[in-house]
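These notes concern the structure reproduced below.
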Amino acid sequence: LTSPVAKKAQEGTLELLLINHPLDCPVCDKGGECPLQNQTMTNGNAESRFHDVKRTYPKPIAISSQVLLDRERCVLCARCTRFSQQVAGDPFIELFERGALQQVAIYSDQPFESYFSGNTVQICPVGALTGAAYRFRARPFDLVSSPMVCEHCASGCALRTDHRRGKVLRRLAGDDPQVNEEWNCDKGRWAFTYASQPDRIATPLVRDYETGRLREASWTEAFERAAHGLELARAESGVGVLPGGRLTVEDAYAYSKFARVVLGTHDIDSRVRPHSDEEQEFLAAHVAGRYAGQAGVVTYADLEDAATVLLAGFEPEEESPILFLRLRKAVRRRGTRVFTLAPFRSPGSVKTAARLLQTAPGQEAAVLTSLLGASSGVAGELAAALTEPGALVLVGERLTAVPGALSAVSRIAAATGARLAWVPRRAGERGAIDAGTLPGLLPGGRTVTSAGGTDAAEVAALWGPLPERPGRDLDGILTAARDGGLSGLVVGAVDPADCPDPWLALDALDAVPFLVSLELRRSPVTDRADVVLPVAAAVEKAGTYLDWEGRARPFDAVLHRLGGLSDLRALHVLADELDRPLGLPDVASARAEIAQLGAATRRPAAPARDAEPVPVPAAGEALLASWHWLLDDGSLQDGEPFLAGTAKKPRLHLSAATAAEIGAVAGQDVTVSTGRGSLTLPLVIADLPDRVVWVPMRSPEAAVRRDLAVVPGNVVRISAVPLGTTPGAAA
């Protein structure tokens with residue numbers, strides 16, 4: 001209901017908005033879901049009193065490689081600019097000019113580089129901002145919309161997946177106030193084309209006995225060949241299992257049970273990254289078997305209420321973007337104090353006003369330990385703040401590579417009362433740990449070697465007898481496979497380039513007598529496999545992810561594609577072929593078993609290891625610092641050129657003193673080398689500790705593990721490439 005006066009005002013407002021708004025509705029991507037279109041139909045005047053020529057601009061303007069702007073459609077609502085400045089903290093898109101000349105634009109010398117730019121497309125009410133990948137592809141009423149959970153990181157974002165004729169055309173942020181609110185990152189929004197690339201494996205493959213090449217095979221032949229090879233390998237030296245860190249909880253549980261029940265081994269590890277026994281102890285004590293809603297478990301809501309947050313070896317903007325947005329919201333609204341343990345202040349640290357506890361790689365354990373007695377400076381301020389109610393410590397994967405660091409974090413939490421949260425990078429990492437895909441962990445956070453064997457007995461009561469020999473971790477499995485200590489490997493979605501030593505991984509894959517790969521697309525693993533079983537992408541199966549909080553994020557299959565099984569289903573059939581039934585025919589059965597087991601009732605002690613000495617680099621050497629960027633060279637971003645266009649350009653960071661020591665200036669190419677290889681990148685002078693070099697972990701131009709075969713904290717050689725020469729000539 002409305003009054004005549006209000007109706008006239010509504011009509012007048014809409015008439016004003018439409019004076020220069022083009023009649024693009026038949027071709028506009030927003031047509032069919034446009035608030036302006038709907039309001040014009042319900043409250044607008046049928047005729048306009050404006051008869052002059054409408055204002056036009058060249059269209060579209062590329063705000064970035066993914067976001068396009070049609071300026072004449074813009075109604076100057078300022079949603080995009082407010083989101084950019086207030087939510088994301090990337091103030092590169094602005095309203096310029098005044099009055100009739102006002103328009104949305106970007107600074108010519110500051111392109112709109114943001115991990116969250118896709119949200120401006122979604123919240124634009126008139127189609128002025130559109131996504132390059134979806135532009136002119138479909139109309140909203142032609143699409144089927146299905147809820148989904150993002151498969152890229154541990155944030156657990158709700159998504160809306162729009163598809164037509166069996167193909168995903170776009171993804172939008174879902175509305176979930178407890179997790180991602182109404183936002184998502186560009187990776188989650190646009191990185192979905194990996195599942196429809198030309199190298200997608202459509203049928204099982206087996207290695208031909210005569211030619212030695214992979215050939216297509218039936219499912220029956222592939223399962224028979226895989227079962228025969230694994231039976232022989234099990235009888236000889238045994239089989240190792242490497243599931244990878246991107247699985248659903250149900251798939252990971254199937255791998256865990258398959259390793260112990262079918263293959264009779266604890267040689268299983270889903271951590272395709274640097275890891276340690278100390279980390280396994282930390283996860284058993286603080287993470288596995290603990291879920292959102294339980295006492296002491298940190299959640300997004302706790303993050304927004306926290307007075308103090310310490311980021312220990314963790315870059316939220318790069319590793320968990322939605323956590324970053326919630327943290328930035330806490331800083332803006334509550335005044336949360338953020339401290340970061342890192343070599344330098346990253347862009348994300350600047351956006352959260354984080355105080356820096358500067359540490360060289362490998363010194364994190366010593367710096368954390370020193371906090372307990374600190375009374376002055378930034379360290380003293382942090383030590384006092386951690387004792388206040390609501391203080392949080394967010395731990396990232398980087399601390400794993402630092403001996404004693406996770407033990408130091410545990411001691412700090414015990415001494416101050418601050419609560420701990422572990423935030424992995426991959427979506428399936430947390431669920432895999434709870435499913436028991438580590439050599440020393442069983443489902444629900446139970447340990448293989450618990451006191452009196454009570455944990456193992458609880459699992460054995462459901463599964464049957466468990467192996468007695470202790471299991472090996474990723475490095476141990478790969479070394480054994482390379483040296484003849486294992487006769488077979490079962491490998492899930494594992495990229496050798498992500499392993500701490502990619503060359504060891506490739507050598508192991510080459511040397512192992514029998515290799516089964518469960519994979520989505522062709523890869524270095526499938527190229528070496530004896531049997532390849534094609535598996536379903538996340539969008540093609542049902543399952544559950546556990547986000548970093550331990551919150552279950554279940555989802556159903558969006559597409560039903562023929563030719564690929566879920567990992568769980570493939571392992572179930574393979575177990576039947578081996579005559580050792582797994583008893584997991586579907587997701588429901590896996591969920592029922594997981595619920596029946598529940599979480600461990602006993603929790604082991606936290607790790608208590610000491611820091612180790614940090615090597616001292618000589619002149620021409622440096623300690624390597626590195627972490628992953630959100631947009632890198634990962635295979636799940638393949639096939640999306642618009643997203644790739646917004647990835648950061650890789651640069652190498654040195655302090656001014658270290659750059660002068662090797663005779664390098666800003667912008668000059670600098671080479672980082674080891675005995676295994678080298679990489680060369682342009683130099684940026686930054687506020688790092690002397691003789692510390694930072695490079696991105698993995699980019700198309702350079703990859704630390706692939707090119708150098710080292711992990712952060714190792715000593716590398718650094719040298720300036722003479723000006724006027726190419727990097728290849730200098731090498």
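The values are calculated or read from the model by the stated rules, or taken from the named source; none is laboratory data. Quantities reported herein were computed from a predicted structural model and do not represent experimental measurements. Every residue, glycine as well, gets a Cβ built from its backbone with ideal geometry; the counts of neighbours run over all protein chains shown.
Look at Val459 and say whether it is in a strand (DSSP E or B), in contact with a Leu (Cβ under 8 Å, 6 or more places away or on another chain), among the β-branched types (Val, Ile, Thr) and more than 30 Å from Arg225 (Cβ to Cβ).
So Val459 fails the test.
I'm trying to understand the selection: among the residues of the stretch 590-633, which are part of a loop (DSSP other than H, G, I, E, B), of a type outside the set (A, V, I, L, M) and in contact with a Phe, Trp or Tyr (Cβ under 9 Å, 6 or more places away or on another chain)?
Pro607, Ser626, Trp627
When both residues are 6+ apart or on different chains and their Cβ atoms are under 6 Å apart, which pairs have a first residue that lies in the stretch 29-52 and is closer than 28 Å to Val67 by Cα and assigned by TED's automatic domain parsing to the domain that holds Arg79, and a second that is hydroxyl-bearing (Ser, Thr, Tyr) and surrounded by 15 or more Cβ atoms within 10 Å (Cβ to Cβ)?
Asp29/Thr130
Can you give me the number of residues within the stretch 23-52 that are of a type in the set (S, T, N, Q) and either touching a Ser or Thr at 6+ places or on another chain (Cβ under 9 Å) or modelled with pLDDT of 90 or more (or both)?
Of the residues in the stretch 23-52, 5 are of a type in the set (S, T, N, Q) and either touching a Ser or Thr at 6+ places or on another chain (Cβ under 9 Å) or modelled with pLDDT of 90 or more (or both).
Sort out which residues of the stretch 667-715 are small (Gly, Ala, Ser), under 23 Å from Thr359 (Cα atoms) and in contact with a strand residue (DSSP E or B) (Cβ under 7 Å, 6 or more places away or on another chain), and write them in order of number.
Across the stretch 667-715, the qualifying residues are Ser673, Ala686, Gly713.
Residues in the stretch 68-76: is at least one within 42 Å of the chain's Cα centre (by Cα) and more than 16 Å from Cys124 (Cβ to Cβ)?
Checked the stretch 68-76: no residue is within 42 Å of the chain's Cα centre (by Cα) and more than 16 Å from Cys124 (Cβ to Cβ).
If you take the residues of the stretch 137-149 that are in contact with a strand residue (DSSP E or B) (Cβ under 9 Å, 6 or more places away or on another chain) and not in a strand (DSSP E or B), which of them is surrounded by the most Cβ atoms within 10 Å (Cβ to Cβ)?
If we take residues in the stretch 137-149 being in contact with a strand residue (DSSP E or B) (Cβ under 9 Å, 6 or more places away or on another chain) and not in a strand (DSSP E or B), then Leu143 is surrounded by the most Cβ atoms within 10 Å (Cβ to Cβ).
Return the only residue of Leu441, Leu478 being touching a Cys at 6+ places or on another chain (Cβ under 9 Å) and in the same structural domain as Val249 (by TED's automatic domain parsing).
Criteria check complete, one pass: Leu478.
What are the residues in the stretch 178-207 that are among the aliphatic types (A, V, I, L, M) and under 16 Å from the mean Cα position of the chain (by Cα), if any?
Val179, Ala191
Residue-by-condition table, conditions (1) modelled with pLDDT under 95; (2) over 20 Å from Ser346 (Cβ atoms):
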position: Lys649; (1), (2): yes, no
position: Ala656; (1), (2): no, no
position: Ile662; (1), (2): no, yes
position: Ala666; (1), (2): no, no
position: Val672; (1), (2): no, no
position: Pro682; (1), (2): no, no
position: Pro696; (1), (2): no, no
position: Ser699; (1), (2): yes, no
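Got at least one residue in the stretch 351-372 being of a type outside the set (S, T, N, Q) and under 20 Å from Ala427 (Cβ atoms)?
Scanning the stretch 351-372 turns up no residue that is of a type outside the set (S, T, N, Q) and under 20 Å from Ala427 (Cβ atoms).
Can you tell me which of (1) within 30 Å of Asp251 (Cβ to Cβ); (2) touching a residue at least 12 places away in the same chain (Cβ under 8 Å) is the one Thr601 doesn't meet?
(2)
Residue by residue through the stretch 594-620, note down the ones that are more than 26 Å from Ala413 (Cα to Cα) and crowded, with 18+ Cβ neighbours inside 10 Å.
Correct list: Ile594, Leu597, Pro617.
Can you spot a residue in the stretch 650-661 that is among the hydroxyl-bearing types (Ser, Thr, Tyr) and over 24 Å from the mean Cα position of the chain (by Cα)?
Yes: the stretch 650-661 contains one or more residues that are among the hydroxyl-bearing types (Ser, Thr, Tyr) and over 24 Å from the mean Cα position of the chain (by Cα).
Among the residues in the stretch 391-411, are any assigned to a strand (DSSP E or B) and out of contact with any helix residue (DSSP H, G or I) (no Cβ under 7 Å at 6 or more places or on another chain)?
Checked the stretch 391-411: at least one residue is assigned to a strand (DSSP E or B) and out of contact with any helix residue (DSSP H, G or I) (no Cβ under 7 Å at 6 or more places or on another chain).
Identify, please: which residue in the stretch 679-710 is buried (at least 20 other Cβ atoms within 10 Å of the Cβ) and assigned to a loop (DSSP other than H, G, I, E, B) and is, among those, farthest from the chain's Cα centre (by Cα)?
Across the stretch 679-710, the extreme among qualifying residues is Arg691.
Of all residues in the stretch 340-394, which are touching a Gly at 6+ places or on another chain (Cβ under 7 Å) and under 16 Å from Trp627 (Cβ atoms)?
Leu341, Pro361, Gly362, Glu364
Going residue by residue through the stretch 412-430, is there one that turns out to be touching a Gly at 6+ places or on another chain (Cβ under 9 Å) and in a helix (DSSP H, G or I)?
Yes, the conditions are met somewhere in the stretch 412-430.
Given (1) within 29 Å of Thr437 (Cβ to Cβ); (2) buried (at least 21 other Cβ atoms within 10 Å of the Cβ); (3) not assigned by TED's automatic domain parsing to the domain that holds Glu549, identify the lone condition not met by Ala295.
So Ala295 meets the others, but not (2).
Of the residues Trp219, Trp183, only one is modelled with pLDDT of 95 or more, over 30 Å from Asp632 (Cβ atoms) and aromatic (Phe, Trp, Tyr); which?
Trp219
Given (1) outside any strand (DSSP E or B); (2) surrounded by fewer than 17 Cβ atoms within 10 Å (Cβ to Cβ); (3) free of Cβ contacts under 8 Å to residues at least 40 places away in the same chain, identify the lone condition not met by Arg676.
The number of the failed condition is (3).
Return yes when Val448 is touching an Asp or Glu at 6+ places or on another chain (Cβ under 8 Å), over 30 Å from Leu624 (Cα atoms) and either of a type outside the set (D, E, K, R) or in contact (Cβ under 8 Å) with a residue 12 or more places away in the chain (or both) and no when it is not.
yes
What are the pairs with Cβ atoms under 9 angstrom where one residue, in the stretch 67-84, is farther than 25 Å from Pro641 by Cβ and the other, located anywhere, is part of a helix (DSSP H, G or I) and among the hydroxyl-bearing types (Ser, Thr, Tyr)? Sequence gap at least six, or different chains.
Correct list of pairs: Arg79/Thr120; Thr81/Thr120.
Output yes when any residue across the stretch 206-215 is over 28 Å from Ala461 (Cβ atoms), assigned by TED's automatic domain parsing to the domain that holds Tyr545 and among the hydroxyl-bearing types (Ser, Thr, Tyr), and no when none is.
Yes, the conditions are met somewhere in the stretch 206-215.
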